[in-house]
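Reviewing the structure listed below.
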Amino acid sequence: MPKYILDRRKFLKRSGQALLAVGAAGKVMFFDPDRSWAITLEVLDEAGARALLAMTRTLYPHPALGDEYYAVVVEALDAEAKENGEVFRLLKEGVGKLDGARHLPFADLSPGTRTEVLEELEARGDPFFQKVRGATVFHFYNNKLVWRHFGYEGSSWEYGGYLERGFQDLGWLPDPPPEASPPPYFG
Amino acid sequence: MARFALDDDSVVVVIGSGAGGGTLANELCQKGINVVLLEAGKRLTLDDFVNDEWAAFFQMAWLDKRTTSGSWRIARDFPNLPAWICKTVGGTTVHWASASLRFQAHEFKTRSVYGDIAGANLLDWPLTLEELEPYYARAEHKMGTTRTEDRPGLPGNNNFKVFYHGARRLGYKVVHTGRMSINSRPYDDRPACRQIGFCFQGCKIGAKWSTLYTEIPKAEATGRLDLRTEAHVLRIEHDRSGKVTGVVYVDREGRQQFQKARIVCVACNSIESPRLLLNSASNLFPDGLANSSGQVGKNYMRHTTGSVYAVFPQPVHMYRGTTMAGIVMDEAKNNPRRGFVGGYELETLSLGVPFMAAFLDPGAWGRAFTRKLENYSYMAGLWIVGEDMPQESNAVTLHPTEKDQYGMPVPNVHYDDHPNDIAMREHAYRQGRALYEAAGAIEVYEVPPYPSTHNLGTNRMSEKPRDGVVNRFGQTHDIRNLFISDGSVFTTGGAENPTLTIVALAIRQAEYIADQMSRGEI
């Protein structure tokens with residue numbers, strides 16, 4: 001899991017600048033310039049990782065969230081492509097479509113042009129588009145660190161649920177009468 | 001726990017351990033009848049449950065291949081997931097939100113009350129509310145339903161608070177935390193609810209009723225239950241006289257077994273139950289078992305549903321506490337002046353961020369969509385559940401070419417909305433929107449139906465054998481020792497969440513089976 005970083009301005013500036021290198025153990029690493037996050041790639045190359053990273057962010061843009069959250073999706077797609085040759089081919093061909101759409105690598109296009117390119121793929125019913133879109137909905141929003149950004153607290157049973165932790169703490173409306181909402185039972 | 005021999009033809013075989021099958025098995029065992037309960041899924045414990053939407057989904061959802069067709073949006077967005085139901089001991093009672101509502105009297109006689117609705121295959125139930133009332137009472141007692149007997153209602157959470165005020169300002173009268181089979185006080189050796197907020201993922205403390213930790217262990221304690229998990233039934237066999245003789249299933253090790261039976265009860269939910277009957281076709285029954293009416297698999301209903309989520313200027317944190325925390329019942333009556341027959345309930349609902357991303361607007365992307373999600377902690381939400389029209393063309397059929405892991409044809413689920421369903425949903429969206437605007441909403445999202453949780457009607461109950469598959473006790477018209485024991489027997493769907501009715505029918509069916517056995521009729 002990439003490291004969680006807090007400096008919003010810094011990673012906005014860096015967005016889309018990730019690099020690829022072969023690490024000491026022979027693993028291919030994909031990381032941002034100051035190495036605040038890195039993922040390991042098994043089968044995707046640098047062009048593929050950069051295009052997919054840009055695609056995931058263009059699909060589900062959250063300006064306050066850094067590339068490391070989107071890199072989780074790229075890592076998951078890479079892992080799936082390693083297991084499944086069909087997925088590998090789909091991604092490889094799809095990256096070709098992305099990078100071939102406007103004479104520049106997809107990651108170097110403006111956000112507006114990237115959106116246009118993706119709209120064109122979607123309109124054609126492109127399976128690569130749907131694959132990456134589905135994977136992003138699943139992996140990006142299934143990240144506990146991303147949940148914090150949305151104010152979602154996740155698993156609660158280990159804290160005794162919300163019975164004594166704010167399940168009825170909304171203060172901007174009066175409490176409903178007891179016949180509609182009886183008092184809680186604390187045991 | 002008991003073990004019965006494969007060639008023991010004195011046992012009752014129940015297929016499926018959910019609200020229908022789990023309850024029926026226990027009721028039969030309590031009456032001294034030996035039961036082999038075959039469940040396709042694994043047995044989970046409370047310790048196995050996780051407060052994590054996708055992890056729990058992959059732990060318990062029925063994910064065997066299914067296909068879809070028709071104009072419903074599910075066929076486009078979730079073509080292989082028509083239904084959101086479970087493959088685990090306890091079936092969908094592990095996942096259910098636990099709203100436990102009785103049908104209204106008129107909902108048992110919709111053909112008489114609603115009249116002839118073009119395109120709808122309406123039929124009166126061969127059963128009245130009055131006849132079912134004592135069984136409803138026993139079901140509520142069994143399940144510990146709140147606001148019945150002396151059990152208080154549950155406390156409302158933040159989501160309910162918003163819902164309540166909007167509803168009251170809109171003029172609704174019957175608004176409260178509902179009749180829920182979640183303990184508001186300790187009951188039946190299970191604790192009171194801790195407002196954990198993951199009812200759909202399996203209740204970690206067992207405060208919510210599920211056959212997994214109520215009916216099934218009680219049945220085991222009688223010494224008359226032989227529960228076989230990861231036992232996937234392929235077909236039901238019969239003799240030359242047409243009586244069923246037992247079932248062929250694949251066991252945990254992948255071996256085919258044949259379990260003999262005196263009686264077979266099918267309780268596999270409204271997709272798998274008709275599929276099993278259709279997959280059991282033989283020379284004697286070329287159209288599938290119990291299908292002389294041609295109605296097996298037909299009249300598939302899934303309730304007219306949809307959700308409304310609204311954004312408020314101040315935080316709500318709707319995910320804290322019971323997933324379904326309150327109800328408006330004012331729209332449940334039949335009032336054709338609204339432009340449709342039948343009625344609907346409004347019930348609060350909450351999804352976590354992972355499911356909200358998947359279901360808020362399936363297929364949507366881009367900044368307009370992500371901006372909505374960023375409002376998550378300011379959202380309140382409700383679910384619409386209304387009576388949909390039975391239509392003969394809405395059907396579970398066998399796929400002509402696709403096969404499952406055992407080589408059996410997979411089910412295809414076809415659904416088109418009836419004009420009455422559309423009119424009802426539009427009315428409910430308007431009312432849901434008005435409710436939240438009355439509470440001060442700054443944005444409202446109309447959310448399309450999720451994969452179906454209320455699957456009904458595909459082996460419907462009828463007075464006359466030509467109109468349906470089973471009689472008033474769930475006994476098939478064609479085969480005396482073959483019963484259907486789940487929501488597929490619903491003649492029509494009502495506006496209410498179906499589980500309480502499924503449980504009441506199972507209790508009643510157990511009495512009938514025991515009586516028929518003791519008389520030597522079966």
request  = Treating the angle as unsigned and between 0 and 90°, give the value, to the nearest 10°, between the Cα long axis of helix B:158-170 and the longest Cα principal axis of chain B.
outcome  = 70 degrees
ask   = In whole angstrom, how long is each semi-axis of the equivalent ellipsoid of the stretch B:24-71, when you take the square root of 5 times every eigenvalue of its Cα gyration tensor and sort them from largest down?
value = 29, 20, 9
task = Would you mind ranking B:Y344, A:Y185, B:Y249 so that the residue whose beta carbon has the fewest other beta carbons within 10 Å leads the list?
result = A:Y185, B:Y249, B:Y344
inquiry  = For a distance above 12 Å, tell me the whole-number percent of Cα pairs in the stretch B:352-397 that qualify.
reply    = 73 percent
note = For B:K42, counting only lysines whose alpha-carbon sits under 23 Å away and dropping same-chain residues fewer than eight positions off, the answer is B:K65, B:K87, B:K204, B:K208, B:K218, B:K260, B:K403
inquiry  = Can you list residues from other chains, or at least 5 along the same chain, whose modelled amide H is less than 5 Å from the amide H of B:L234?
reply    = B:V248, B:Y249, B:V250
Cβ-based charge dipole, the protein assembly as shown, positive-most Cα from B:L101, A:V137, B:L81 = A:V137
remark   = Taking every residue of A:128-139, the Cβ atoms of other protein chains inside 10 Å of its Cβ average out to 2
key: Acute angle (nearest 10 degrees) that the helix B:269-279 long axis makes with the longest principal axis of chain B, alpha-carbon atoms   = 30 degrees
query = Counting only residues 5 or more places away or on other chains, whose amide H sits under 5 Å from the amide H of B:E402 once H atoms are built in the peptide plane?
reply = B:V410
inquiry  = Averaged over its residues, how many other protein chain Cβ atoms are within 10 Å of peptide B:159-167's Cβ atoms?
reply    = 4
query = Short version: ³J(HN,Hα) in whole Hz for each residue of the stretch B:429-436, in order, from phi by Karplus 6.51 cos²θ - 1.76 cosθ + 1.60 (θ = phi - 60°), x for Gly and Pro, what are they?
reply = 4, 4, 5, x, 4, 4, 4, 6
inquiry  = If I model the stretch B:321-405 as equal point scatterers sitting on the Cα atoms and use the Debye formula, what is log10 I(q)/I(0) at q = 0.13 Å⁻¹?
reply    = -0.74
Ordering of B:255-268, B:213-226, B:128-141 by burial proxy (mean other Cβ atoms within 10 Å per residue, highest first) = B:255-268, B:213-226, B:128-141
query = Going from the alpha-carbon gyration tensor of the stretch B:381-489, what semi-axes, largest first and in whole Å, does one get by taking the root of 5 times each eigenvalue?
reply = 36, 19, 12
remark   = Of all DSSP beta bridges with both partners in chain B, the antiparallel percent, nearest 5, is 70 percent
request  = May I ask for the distance between the Cα centers of the stretch B:32-75 and the stretch B:384-442, given as a whole number of Å?
outcome  = 19 Å
request  = Calculate how steeply helix B:499-518 sits against the longest principal axis of the alpha-carbon atoms of chain B, using the helix alpha-carbon long axis, and give the answer as 0 to 90 degrees to the nearest 10.
outcome  = 20 degrees
ask   = With a 10 Å Cβ neighbour count serving as the proxy for reagent exposure, in which order, fewest first, do B:T145, B:T501 appear?
value = B:T501, B:T145
task = Would you kindly work out the equivalent ellipsoid of the stretch B:91-243 from its C-alpha gyration tensor and give its semi-axes, the square roots of five times the eigenvalues, largest first in whole Å?
result = 31, 28, 16
request  = Quote the Stokes-Einstein diffusion coefficient, in whole µm² s⁻¹, for the stretch B:287-329, based on the Kirkwood radius over alpha carbon pairs, a temperature of 10 °C and a viscosity of 1.306 mPa s.
outcome  = 103 µm²/s
inquiry  = Just to compare against my own numbers: the Cα pair-distance distribution for the protein assembly as shown, 20 Å bins, whole % per bin, please.
reply    = 18, 48, 30, 4, 0
task = Report the Stokes-Einstein translational diffusion coefficient (µm² s⁻¹, integer) for the stretch B:152-194, Rh taken as the Kirkwood radius over Cα pairs, at 4 °C with viscosity 1.567 mPa s.
result = 111 µm²/s
request  = Order these peptides, B:299-310, B:156-167, by their mean beta-carbon neighbour count within 10 angstrom, highest first.
outcome  = B:156-167, B:299-310
query = B:K173: which lysines have alpha carbons under 19 Å from its alpha carbon, excluding same-chain residues fewer than 8 sequence positions away?
reply = B:K161, B:K333
message = Counting only other residues whose beta carbon sits under 9 Å from that of B:V266, what net charge do I get with K and R as +1, D and E as -1?
response = -2
request  = Could you pull out every residue, at least 5 positions away or on a different chain, whose amide H is within less than 5 Å of the one on B:S452? Hs are placed 1.01 Å off N in the peptide plane, and Pro or chain starts have none.
outcome  = B:A83, B:W84
request  = Using packing as a proxy for protection, rank A:156-162, B:95-101 so that the peptide with the highest average count of other Cβ atoms within 10 Å comes first.
outcome  = B:95-101, A:156-162
query = Could you list, bin by bin from short to long, the percent of Cα-Cα pairs of chain B in 10 Å steps?
reply = 4, 20, 32, 28, 13, 3, 0
remark   = With x for Gly and Pro, the residue-by-residue ³J(HN,Hα) of the stretch B:254-266, computed from phi through the Karplus equation 6.51 cos²θ - 1.76 cosθ + 1.60 at θ = phi - 60° and given in whole Hz, is x, 8, 7, 10, 10, 9, 6, 7, 7, 9, 10, 10, 9
inquiry  = Output wanted: per-residue J couplings in Hz (rounded whole) for the stretch B:109-122, from phi through Karplus 6.51 cos²θ - 1.76 cosθ + 1.60, θ = phi - 60°, x for Gly and Pro.
reply    = 9, 5, 4, 6, 7, 7, x, 8, 9, 4, x, 9, 9, 5
ask   = Averaged across the residues of B:189-197, what count of C-beta atoms belonging to other chains lies within 10 Å of each residue's C-beta?
value = 6
request  = Quote to one decimal, in nm, the extra length available between B:D8 and B:E131 on full extension: 0.36 nm per residue of separation minus the C-alpha distance between them.
outcome  = 40.8 nm
ask   = From the residues A:A180, A:G161, A:G151, which one has its Cα farthest along the dipole of the stretch A:127-187 in the positive direction, the dipole being from +1 and -1 charges on Cβ of Lys/Arg and Asp/Glu about the Cα centre?
value = A:G151
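Here, each number is a calculation from the coordinates, and none is a lab measurement. Everything quoted here is computed from the prediction, not taken from an experiment. No Cβ is skipped: glycine too gets one built from the backbone with ideal geometry, and neighbour counts run over all protein chains shown.
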